[in-house]
Structure formats: structure tokens, C-alpha cells
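*Asks:* Attaching a single structure in C-alpha cells format; questions to follow.
The values are calculated or read from the model by the stated rules, or taken from the named source; none is laboratory data. Keep in mind it's a predicted model, so treat the numbers as computed, not measured. Every residue, glycine as well, gets a Cβ built from its backbone with ideal geometry; the counts of neighbours run over all protein chains shown. Just the protein is used for accessible areas: all its heavy atoms, side chains included, with ligands, DNA and RNA removed. Shrake-Rupley method; radii C 1.70, N 1.55, O 1.52, S 1.80 Å.
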Amino acid sequence: MLINISLPADVTYILNKLDEHGFAGYIVGGCVRDILLNKEPVDWDITTNAQPDQVKQLFPKSIDTGIKHGTVTVFINGKQYEITTFRQSDYRQSDNILLLKGDLSRRDFTINAMAYNHQRGLVDYFNGVKDLKEGIINAVGDPEKRFQEDALRMVRAIRLACQLDFEIAPKTFAAITRNHQLLKSISTERIRDEFCKILLIEQPGRGIQMLYSTLLMDFILPELTCIDLDHTLAVIGATPKDLTVRLAALFLDIDKPQERAKIARNALKRLKFSNKTIDAIYRLLQEFKLPDYSDEVSIKRFINRVGQENLQSFFELQLAVIKACKPPHGFSAVDALKEQVYKIIKEKQPLTIKDLAVNGYDLIKIGIQPGVQMGQILNYLLEKVLTKPELNTKENLLNIVLSEKHNV
Ligand code: ATP
Ligand code: MG
């Protein structure tokens, strides 16, 4: 199809350079889809008949990203572009048009299987434009076979349908339901990344619901198969677009409140989330029950347990639960706690061991050995300082340690 798409200067530079050296180059996949939808592409992928070594020669500022898949990442003006040699099954094939067709036929969905360059215009062998116009996610070829080749495509279908507000074609959807158990063969990292993309859609409810209705959720977070889905979706629908808050919200409805933080920690470890994310979610779930504290010291201990860096998420989660109640109620208790918490933080009162006027080195100088006992002493001092912030001077704290050494 001869349409003219204007491309960013860097992309034109790459395509021209390939062309000047006798290679065919096309933008391909998600970026073509996004341009046709008048959206800003997230990334620009290029497909070419040039081999990775040849690409590296043309673009010296580059690194091998997935040499197995023929991908070289090229840096131009500080941005990166992935250039991948045509995905092909027949390496003897040398006709570029057939090679491009082969590459596109190995892509997941028709709307992701289009390519473009200025010479050939839009290349659309699988009715991608039609499906884009109709808002349909259709597998390229037989969905059954395509999901058997790579089961992650089932999660991608749901992610794309929800990101774009499209429908999944009935045949493709039925193939997902039938093959959902194939997801167990997929690496956790790949599943996690697609799952996170679903969670970060403006309104992720539809995606989560589809993961349940297709039973894919059994292979993502089986811990969550028995939760009150309607309530969880209402809470998630009321959260801001934040991964930590939304992940925590998923676990809130687990029957046993005392267990849910641990269940979440194990599940998220399995999905290989970062320790920072897991720790934050664990604390949010542990502390979720709104404390009924009126005294400042208890609130300081509470801040410590949640962690200052997690307070915003804590309040966002609380508010989401309130908004999900019909009618919403309980704002005032959260607001009151929030006010007290931020007042304490604004006053820069000492709250954690790091805020103490002494550190481990100071204690070593007065004869305390590093190890368990030192930790106990620092916690003991923190307890004192939480109650009486005025005690937080080096002299006072060292005196406490020296005079009460036997008690600590
Ligand atoms: P996003 O906009 O989030 O980047 P995307 O569709 O571009 O979405 P990518 O993961 O960047 O997704 O993949 C780029 C392209 O590679 C896709 O558009 C598709 O053509 C192809 N692709 C990606 N994953 C698969 C897969 N599992 N099977 C087949 N083709 C795939
Ligand atoms: Mg992409």
C-alpha cells in the first residue's frame, strides 16, 4: 500500500544508510501499528536483510543485544534502536520480499505484522490494517499453532486488547482458553513483564478479568484464584498507575490477613520481582490495617515499620479501598493519620537508626563489637529517641550506652 509516513530523522537515517549499502530495511511491528493508530510509538524496531555483523559495521555505536535472534541495538543521538535481521526459517532464501514476508508471518498478531519503508510503502500481508480499523486482535495464521510455538503470545493478546481497547477475535480467544496451561512452559521473567504491562494500563480491570476467564491467572498468580475478584477489581480500578500499589491491591483480599503479606512475598519472589518491590509490598500488606494511634510515638513506630519511602503507596492503597466501598467511607481516619504522619516527617524528627546521632563506628570506639549486640543497642537507642527526640545527641546516646551497657 503506498502511503507516506513521516519518520523521525534518526529512523530515516538508519533506513537510508541500510539502503545506500544495498540492504533492505523496514520499520516493523509495534511502531507501525502505533503510527497507524496516530500514537507515539514506544520504540522503533527495524528489520533488515543485513546480517548482525554488517549492521554493526554500518553503525559502529552498537551492541549485540540478542545475537541469537539477530538483534543489534544501535545508538543514534543518545537514543537506541533495535535492528534485527529478518526472522527466517530458510537461510538459503535470498529474495528480500519473501524474506520480509517470512519475517512478518512469524510475528504474533496481524496488527503487529506490518512493515514500512519509503520505497515500498506499507507492507501488510495479513490484513493488519483491516483488523486495526475494526479493533480486532487476530493471530497471524492458526492461533492454536501460534500459541503452541510461544505461549506468551496468549498474555500479549490480552495485554494488547486492553491497551488498545480492542476485542480478541473469537477463534484467537478460544485458542487461548484451550491452551492456557501452556503458559507454564514460559519463563517467569517474560510472564512478569507482560503482566506488569497489563497492570499499568490506565484501567487494568478488563485485562485482569480476562486473565481469570482464560485461566491464565492459574499460571501467573495461582495464590489469587480464590479471591473476591469484583472487590479486588474495584480497588485496583481506584488506584493510581503505580505497580507497587496495584500489586499490593491484588493481594488485599486474601482470606487470611495475617498470611497475605507472606503469600505475596513468596509469589512475587517466584515472579522474580526486585527485592525493593517485594519489600515494599510486604510492608504495605503487613501494615494495611489502619492503626488507631493517637500518640506520636506509636505513629513514629508505624512510619518506621511501613518505611518512609512506602508511605505514599500506603495512603494511595488506603484511599483506593475507601473509594471501592459503596458508598465510600472512612476518608477521615486516613486523612487524620496522613496529617499526623507528614507533620512528624516535616519536623524532621529522628525516625530510624540512620537518624541517630551515633553510628556503628561511634559504638566501636567505646568498645562495642559489630554484630547482633550492636544492632540491639542501636534499636534500644532508637526507642529512647522516638520517645524523647531531645536525647538525640552523640554525648547523650554514648552516655546511655556506657551507663546501661548491662541492660541493653
Ligand atoms: P509495545 O508497544 O509495548 O512495545 P509491541 O507490540 O511493540 O508493544 P514488543 O515486545 O516491543 O511489543 O515487540 C515488538 C514486535 O515484535 C511486536 O509488535 C511483534 O511484531 C513482535 N513480537 C513480540 N513478541 C512476540 C512474540 N512473542 N511472538 C511473535 N512476535 C512477537
Ligand atoms: Mg515495541
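*Asks:* Identify all residues within segment 151-170 that are out of contact with any strand residue (DSSP E or B) (no Cβ under 9 Å at 6 or more places or on another chain), open to solvent by 30 Å² or more (accessible area, probe 1.4 Å) and outside any helix (DSSP H, G or I); write none if there are none.
*Replies:* Asp165
*Asks:* Here's a follow-up. Inspect all residues belonging to segment 345-363 and state whether any of them is touching a Phe, Trp or Tyr at 6+ places or on another chain (Cβ under 7 Å) and either within 30 Å of Asp253 (Cα to Cα) or assigned by TED's automatic domain parsing to the domain that holds Thr239 (or both).
*Replies:* no
*Asks:* What helices (runs of 4 or more DSSP H), lying completely within segment 6-73, carry at least 1 residues that are more than 16 Å from ligand 1 (Cβ to nearest atom), open to solvent by less than 60 Å² (accessible area, probe 1.4 Å) and within 23 Å of Gln119 (Cβ to Cβ)?
*Replies:* 9-20, 52-58
*Asks:* Only helices (runs of 4 or more DSSP H) wholly contained in segment 299-408 count here; list those with 3 or more residues that are farther than 30 Å from Thr239 by Cβ and touching a Pro at 6+ places or on another chain (Cβ under 9 Å).
*Replies:* 360-365, 372-387
*Asks:* Restricting attention to segment 84-100, which residues are at pLDDT 85 or above, among the basic types (Lys, Arg) and either in a helix (DSSP H, G or I) or over 22 Å from Asp43 (Cβ atoms) (or both)?
*Replies:* none
*Asks:* For segment 377-388, state whether one or more residues are surrounded by 12 or more Cβ atoms within 10 Å (Cβ to Cβ) and at pLDDT below 90.
*Replies:* No.
*Asks:* Can you pull out the residues in segment 111-150 that are hydroxyl-bearing (Ser, Thr, Tyr) and either more than 16 Å from ligand 2 (Cβ to nearest atom) or in a loop (DSSP other than H, G, I, E, B) (or both)?
*Replies:* Listed by number, the list holds a single entry, Tyr125.
*Asks:* In segment 105-140, which residue that is farther than 28 Å from Lys17 by Cβ and of a type in the set (Gly, Ala, Ser) is surrounded by the most Cβ atoms within 10 Å (Cβ to Cβ)?
*Replies:* Of everything passing the filter in segment 105-140, Ala139 is surrounded by the most Cβ atoms within 10 Å (Cβ to Cβ).
*Asks:* What residue, among those in segment 36-50 that are closer than 19 Å to Gln80 by Cβ and among the aliphatic types (A, V, I, L, M), is farthest from ligand 2 (Cβ to nearest atom)?
*Replies:* Out of the qualifying residues, it is Ala50.
*Asks:* Tell me which residues, restricted to segment 223-252, are assigned to a helix (DSSP H, G or I) and open to solvent by less than 20 Å² (accessible area, probe 1.4 Å).
*Replies:* Hits for segment 223-252 are Leu224, Thr232, Val235, Ile236, Val245, Arg246, Leu247, Ala248, Ala249, Leu250, Phe251.
*Asks:* Go through segment 151-166 residue by residue and tally those that are away from ligand 2 (no atom under 16 Å from the Cβ) and touching a Ser or Thr at 6+ places or on another chain (Cβ under 8 Å).
*Replies:* 3
*Asks:* Looking at segment 269-322 only, could you name the residues that are over 21 Å from Val385 (Cβ atoms), open to solvent by 70 Å² or more (accessible area, probe 1.4 Å) and modelled with pLDDT under 95?
*Replies:* Within segment 269-322, Gln286, Lys289, Asp292 qualify.
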